[in-house]
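Note sheet for the following structure.
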Amino acid sequence: MPALRGMPPPAPSTAGAPIEPLPTAVTGFVGAADAGPVDTPVTVTSAAGYHATFGPTLAADRPLGHAVDLFFANGGRQAVVVRAAGPDPAQLVPAEGPGGVHALDGSGGSDGSGVTLLVLPGLTAAHTDQVRVALAWCAAYRAVLVLDLRPGPWTEDVRATVERVGEHRERAAAYHPWVVVDGASVPPGGAVAGVIARTDAERGVWKAPAGVGLHGVDALTEAIDARGAEELTGAGVNVLREFPGRGSLVWGARLVAGAQTGDPAARYLSVRRLTDHVLTSVSVGLGFVRDEPSGEALWARVRQLTEDFLHRLWLQGALAGVRVEEAYGVRCGPGETMTEADVRAGQVVLSLWMAPVRAGEYDAHTLRCQARPSSQPKTGTTPVHAVDLGQVVSRYIGETEKNLSRVFDRAEGSGSVLEFDEADAVFGTRTEVRDTHDRYAGQETARLVERMAKERGMPVRWRRRPSDGQG
């Protein structure tokens with residue numbers, strides 16, 4: 001029987017240490033300061049610790065000090081600070097290293113953790129070239145940029161700067177307006193990063209840091225009403241709003257790319273960060289693979305450790321679904337995720353999928369690890385093509401049919417046997433009728449696969465999974 005939420009997790013693997021969750025709110029700051037080492041990452045755990053190293057300055061042209069103060073005031077616990085060579089945006093984010101943001105390269109902890117949030121006080125969305133470099137850095141290190149906009153009211157010119165944010169815009173979370181601290185107008189990025197850290201600690205990285213109060217802020221530089229908030233949200237910008245009796249609140253947790261896509265990992269900040277957290281934690285947790293011989297024992301160990309990690313997240317409420325198979329899944333092995341060439345080369349290929357928003361609606365990912373090659377028997381003279389239905393099934397049965405047709409076309413051209421997991425038949429419940437011309441309304445995906453296989457005269461296999469309780 002499938003495990004239910006609230007039941008004990010599967011027995012831990014005796015083959016190796018469990019995959020541990022890495023810290024989720026390690027925040028990198030890069031900005032100008034009056035003291036401290038230049039282009040050298042320094043870890044601080046309090047505002048006092050920051051000022052002891054980088055000086056007491058809270059000048060308007062050096063917003064780093066205010067940003068770090070607000071970060072800790074709002075619940076931040078650990079910051080990695082880099083003092084740039086100067087306040088110019090090109091000094092904060094040079095096109096190439098080693099200075100500025102590039103000084104954060106490899107600045108993670110001994111546990112393999114690294115910066116997950118990036119704040120660049122003094123840089124705004126108007127600095128197009130520097131934002132592009134900063135987002136490329138975030139993509140390389142699985143981090144999110146907390147992006148400030150230009151000071152002043154929301155205008156069409158400010159909207160245009162947001163629209164110019166290009167590649168990797170799914171890693172930018174923009175906030176408006178600026179905040180007032182001791183009479184000075186201050187960019188909100190540091191305060192928002194603190195709110196994100198506080199939400200992580202109190203509720204989990206999978207919870208949206210929205211509807212949460214800002215601390216250490218006297219006022220907002222602009223009052224945004226409900227209509228204005230809707231306009232900014234439509235532009236991919238999160239709003240800070242003032243509410244009587246509640247103070248200043250972070251009123252939104254979307255990504256800049258959310259204005260153009262419905263993909264949850266590119267639309268919602270919490271989904272993006274949960275995905276990054278899972279992939280980084282699993283990658284680091286499977287670091288032992290490099291010292292192990294590739295083979296059935298290692299593949300089973302990789303599967304079990306990853307399943308255990310995802311199961312713990314599911315029990316905490318990070319993944320949707322009442323049953324395990326609705327929430328996550330894992331595959332690793334020849335004929336499923338690895339070719340014979342992968343096996344010979346010692347490549348361990350792991351496929352995992354999870355439902356961060358709705359049960360049965362999966363976000364699928366592939367991770368590769370290098371093990372020590374070892375001689376393995378061939379998987380058969382006919383190549384086997386394992387199909388991840390999580391990347392094939394759509395909400396609409398007609399679209400699912402098109403995707404499956406492409407899968408059959410590729411297999412037919414290579415002479416492969418298609419192999420589906422029996423547990424994947426549950427994907428059929430995701431399809432729904434929206435148009436009367438959907439010819440296959442009400443049919444399960446499994447039946448659609450079988451019909452296509454019969455029409456084309458192609459071999460199809462259904463593999464049973466032990467986790468289904470079927471042996």
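Please find the FRET efficiency linking Asp88 to Lys454, where r is the Cβ-Cβ separation and R0 is fixed at 56 Å, and quote it to the nearest 0.05.
After rounding, the FRET efficiency stands at 0.25.
So how compact is region 276-375: Cα radius of gyration and Dmax in angstrom?
For region 276-375, the Cα radius of gyration and maximum Cα-Cα distance read 13.8, 42 Å.
Extension gain Ala35-Thr366, at 0.36 nm per residue separation less the Cα-Cα distance, in nm?
Computed gain between Ala35 and Thr366 is 114.8 nm.
Relative to a virtual label point 7 Å from the Cα of Glu340 in the Cα→beta-carbon direction, which members of region 273-316 show backbone nitrogen distances below 19 Å?
294-296
Please report the projected area of region 87-163's Cα convex hull averaged over all directions, in nm².
Directional mean of the projected Cα hull area for region 87-163 stands at 5.4 nm².
Quick one: which residues, 5 or more positions from Gly114 or on another chain, have an amide H under 5 Å from its amide H? H modelled 1.01 Å from N in the peptide plane, none for Pro or chain starts.
Gly109
Which order do the peptides 267-278, 36-47, 93-104, 346-357 take when ranked by the mean count of other beta-carbon atoms within 10 Å per residue, highest first?
267-278, 346-357, 93-104, 36-47
With each pseudo-label sitting 7 Å past Cα toward Cβ, what's the Asp218-Asp182 distance in nm, one decimal?
So the label points at Asp218 and Asp182 sit 1.0 nm apart.
Ranked from highest to lowest mean number of other Cβ atoms within 10 Å per residue, what is the order of the peptides 449-456, 294-301?
294-301, 449-456
What's the center-to-center distance, using Cα atoms, between region 27-50 and region 296-364 in Å?
Cα centroid of region 27-50 versus Cα centroid of region 296-364: 39 Å apart.
Express as a percent, rounded to the nearest 5, the fraction of DSSP beta bridges in region 27-271 (both residues included) that run antiparallel. Kindly include the intermediate steps, with their values, before the conclusion.
Details: 16 of 36 bridges.
Around 45 percent antiparallel, to the nearest 5.
Hey, can you grab everything whose amide H is under 5 Å from the amide H of Trp251? Only 5+ residues off in sequence or another chain; H modelled, so Pro and N-termini drop out.
Counting only residues 5 or more places away or on other chains, the set is Gly211, Val239, Leu240, Arg241.
If you project the alpha carbons of region 27-271 onto their three principal axes, what span does each projection cover, largest first, in Å?
Computed over region 27-271, the largest-to-smallest principal extents equal 46, 37, 35 Å.
For Arg290, Arg77, what's the fewest-to-most ordering of other Cβ within 10 Å of each Cβ?
Going from sparsest to densest Cβ surroundings: Arg290, Arg77.
Please list, in order along region 320-328, the HN-Hα scalar couplings obtained from phi with the Karplus expression 6.51 cos²θ - 1.76 cosθ + 1.60 (θ = phi - 60°), rounded to whole Hz, x for Gly and Pro.
7, x, 7, 10, 3, 5, 7, 9, 6
The numbers here are math on the coordinates, done by the rules we state, and not lab data. Model, not experiment: these values are computed from the prediction. Because the Cβ atoms are built from the backbone with ideal geometry, glycine has one as well, and the counts that use them run over all protein chains shown.
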